[in-house]
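Below is one structure; the comments refer to it alone.
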Amino acid sequence: MKTRHVDIKGPNGDYRVEIGPGTLEHVGSQIDTLFSGSHRGGYAVVTDKTVGGLYAEAVRTSLASTGRTIAVHSIPAGEASKSVDELMALFAFLAKHRVGRDGLVIALGGGVVSDLAGFAAATWMRGIPWIVVPTTLESQIDASIGGKTAINIPGGKNLVGAFHKPKAVLIDPTCLKTLRPRDVAAGLAESIKHALISSPDFLTYHEQHVDAVLALDDTVLTELIERNVRVKAGVVERDPFEQTGERMTLNFGHTIGHAIEANCGFTLRHGECVALGIVAACRLSKLMGLLTPTVVDRVPTLLSRYQLPITLSEPIPFELVWETIARDKKSRGQQVRWVLLESIGRTRISTNVDEHAVREAYESLFEPGG
Ligand SMILES: NC(=O)c1ccc[n+]([C@@H]2O[C@H](COP(=O)([O-])OP(=O)(O)OC[C@H]3O[C@@H](n4cnc5c(N)ncnc54)[C@H](O)[C@@H]3O)[C@@H](O)[C@H]2O)c1
Ligand SMILES: [Zn+2]
C-alpha cells in the first residue's frame, strides 16, 4: 500500500508527515529520501522499554542500511519518565555517543517518548534535528504534530518545554496492533474531538467506520490518521506558537476532562477522561443555547460505540472538579476559557459560563443517558 503524506507549513520551514503501513520498517530509506541523502551524522534512537522491545530492532536494521552510527536509549515506559532525571540521563547518553549538530534524534514511542526526546533535541547544543516515529494512536494524531515538547516537574505537568518542530513524522498504523484495545480507544477520543471541532463529514466518517477502525484495518486507519493530522496541522499552522487562541479549540472536552483526570486516582486513561469531558462540553454547549439536542445525543452514542466511557462509574463530587478547574487557571493567571460547540465544526470560546451550568453538565455524567 502506498503511504499518504501531509506537509505541515511552519514559520521556519515545512515538514512532512508520512502515514502508511511499513513506514516503521523503512525509516532508514525514508530519512534518506526526506533529507535527499544530505544527513551525515549518527542516529540517536530514543524509545521506552516496551516499544523498544517490540520495534527498536526493526528500526535499527532499517537504519543500518544508511551506514551511519546508531545508538539506542531506552527509558522506562510511563508518564514518570518525562522527568528532569530522565532528561539528564538522555543528555549523558547524547554526550557519550558524541551526538552533534549533524546528528539526528529519532523518537520511537508514544507521547511520553516524543515529549522527552523532542525537548532534549530542542536544548541539546541549542537545538539539533529530530524526527518522530509515533507508536500510539494518541501520539500519531496529537502529540507528534505541532512541535510542542515538554517534561514534567513537581510544580506541574508540561511546565518545562519548548517549541521545536521535528524534521519529519513517520506514522505506521500497523504498530497499533500491539497496543491494548483500551489504549487504542483512548486515542479515538482525540479523533472524535478533532471531528467535532472541524467538520460534520469527519464525524460521519467515524460513525460509518466503527468496525473497521476497531479491527485496526490498515487502509481505514491510514485515512483516519491522515484526516486527523490535517485537522491538527491546520490549527497549528494558523497558530504555531499559541498566540491567536486558535490552538485553544484543541482543548475541546479537556477542561472538565483534565479535572476528572486529576481527581480519578489514575483509574482512567487521559483519552477516557477526554471522552467524558466531550460529553459534558456538548451538554454545556446545549445549556448555553448553542448545540441542538439531536447533535448532543449523537456524541455519547458514538463514543460508546468506540468503547469509551460516557458516564462516571465512580462519581467525583463537583466541588473537587470545580476547584481543580479554577486552580489550574489561577496558577497561570488566566480566566477559565471554555471551548463550546455552536454546531459540529464550529467552536466558540467563552469566559462567560455560569458555574450552575457547568455543574449540571458535569453531573449529567453520573446518570446513564445523561
Ligand atoms: N506535545 C504535545 O503536543 C502533546 C499532545 C498530547 C499529549 N502529549 C503528551 O503525550 C503523553 C501521552 O502519550 P501517549 O498516550 O502516547 O502515552 P505513552 O507514551 O505513555 O504510551 C502509552 C503506553 O503504551 C505503550 N506503547 C506505546 N506504543 C506501543 C505499541 N505500539 N504497542 C504496545 N505498547 C505501546 C507505552 O510503552 C506506554 O506504556 C502525555 O505525557 C502527554 O502530556 C503531548
Ligand atoms: Zn488530550
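The values are calculated or read from the model by the stated rules, or taken from the named source; none is laboratory data. Treat the numbers as computed from the prediction; the structure is a model and nothing was measured. Cβ sites come from the backbone with ideal geometry, for glycine too, and all protein chains shown count toward neighbours. Ligands, DNA and RNA are excluded from the accessible area calculation, which covers all protein heavy atoms including side chains. Shrake-Rupley method; radii C 1.70, N 1.55, O 1.52, S 1.80 Å.
For the stretch 112-155, give me the residue count where each residue is farther than 14 Å from GLU86 by Cβ and within 16 Å of ligand 2 (Cβ to nearest atom).
13
Do we find that GLY370 is within 26 Å of the chain's Cα centre (by Cα) and on the phi > 0 side of the Ramachandran plot in this structure?
no
Output the number of residues of the stretch 30-51 satisfying the condition of being open to solvent by less than 60 Å² (accessible area, probe 1.4 Å), among the small types (Gly, Ala, Ser) and not in a strand (DSSP E or B).
Counting residues in the stretch 30-51 that are open to solvent by less than 60 Å² (accessible area, probe 1.4 Å), among the small types (Gly, Ala, Ser) and not in a strand (DSSP E or B) gives 3.
For a quick check of your reading: which strands (runs of 3 or more DSSP E) sit entirely within the stretch 52-167 and have at least 3 residues that are in contact with a helix residue (DSSP H, G or I) (Cβ under 6 Å, 6 or more places away or on another chain) and open to solvent by 10 Å² or more (accessible area, probe 1.4 Å)?
70-75
Just checking, which of GLY289, GLY277 is without any contact (Cβ under 8 Å) to a residue 40 or more places away in the chain, assigned to a loop (DSSP other than H, G, I, E, B) and open to solvent by less than 70 Å² (accessible area, probe 1.4 Å)?
GLY289 is the lone residue from the list that is without any contact (Cβ under 8 Å) to a residue 40 or more places away in the chain, assigned to a loop (DSSP other than H, G, I, E, B) and open to solvent by less than 70 Å² (accessible area, probe 1.4 Å).
For residues in the stretch 234-243 being within 12 Å of GLY147 (Cα to Cα) and touching a Lys or Arg at 6+ places or on another chain (Cβ under 8 Å), which is surrounded by the fewest Cβ atoms within 10 Å (Cβ to Cβ)?
Among those residues, the one meeting the criterion is GLU237.
Quick one: which of ILE145, ILE141, ILE151 is under 17 Å from PRO240 (Cβ atoms), near ligand 1 (Cβ under 10 Å from one of its atoms) and at pLDDT 95 or above?
None of the others qualify; the one that does is ILE145.
Considering only residues of the stretch 166-201 that are charged (D, E, K, R) and within 19 Å of MET248 (Cα to Cα), which is nearest to ligand 1 (Cβ to nearest atom)?
GLU190
Those residues that are of a type in the set (D, E, K, R) and closer than 24 Å to GLU363 by Cα, I need them from the stretch 226-275; list them, please.
Within the stretch 226-275, GLU261, ARG269, GLU272 qualify.
All but one of (1) in contact (Cβ under 8 Å) with a residue 40 or more places away in the chain; (2) open to solvent by less than 70 Å² (accessible area, probe 1.4 Å); (3) within 27 Å of GLY265 (Cβ to Cβ); (4) aliphatic (A, V, I, L, M) hold for ALA326, so report the exception by its number.
Against the list (1) in contact (Cβ under 8 Å) with a residue 40 or more places away in the chain; (2) open to solvent by less than 70 Å² (accessible area, probe 1.4 Å); (3) within 27 Å of GLY265 (Cβ to Cβ); (4) aliphatic (A, V, I, L, M), ALA326 comes up short only on (1).
Hey, among the residues in the stretch 302-323 that are open to solvent by 80 Å² or more (accessible area, probe 1.4 Å) and modelled with pLDDT of 95 or more, which one's farthest from ASN263 (Cα to Cα)?
Here the residue is ARG305.
Given the conditions (1) more than 16 Å from ligand 1 (Cβ to nearest atom); (2) within 19 Å of LEU24 (Cα to Cα); (3) touching a helix residue (DSSP H, G or I) at 6+ places or on another chain (Cβ under 9 Å); (4) without any contact (Cβ under 8 Å) to a residue 40 or more places away in the chain, and given that SER36 satisfies all but one, which numbered condition is not satisfied?
Among (1) more than 16 Å from ligand 1 (Cβ to nearest atom); (2) within 19 Å of LEU24 (Cα to Cα); (3) touching a helix residue (DSSP H, G or I) at 6+ places or on another chain (Cβ under 9 Å); (4) without any contact (Cβ under 8 Å) to a residue 40 or more places away in the chain, the lone unmet condition for SER36 is (3).
Please go through the stretch 6-26 and pick out each residue that is acidic (Asp, Glu) and under 15 Å from ILE141 (Cβ atoms).
Result: GLU18, single match.
Please specify each residue of the stretch 292-301 satisfying the condition of being open to solvent by 10 Å² or more (accessible area, probe 1.4 Å) and either in contact with a Lys or Arg (Cβ under 8 Å, 6 or more places away or on another chain) or of a type in the set (A, V, I, L, M, F, W, C) (or both).
Scanning the stretch 292-301 gives THR292, PRO293, VAL295.
I'm told GLU246 meets every condition in (1) open to solvent by 50 Å² or more (accessible area, probe 1.4 Å); (2) away from ligand 1 (no atom under 16 Å from the Cβ) except one. Can you identify the failing condition by its number?
Every condition holds for GLU246 apart from (2).
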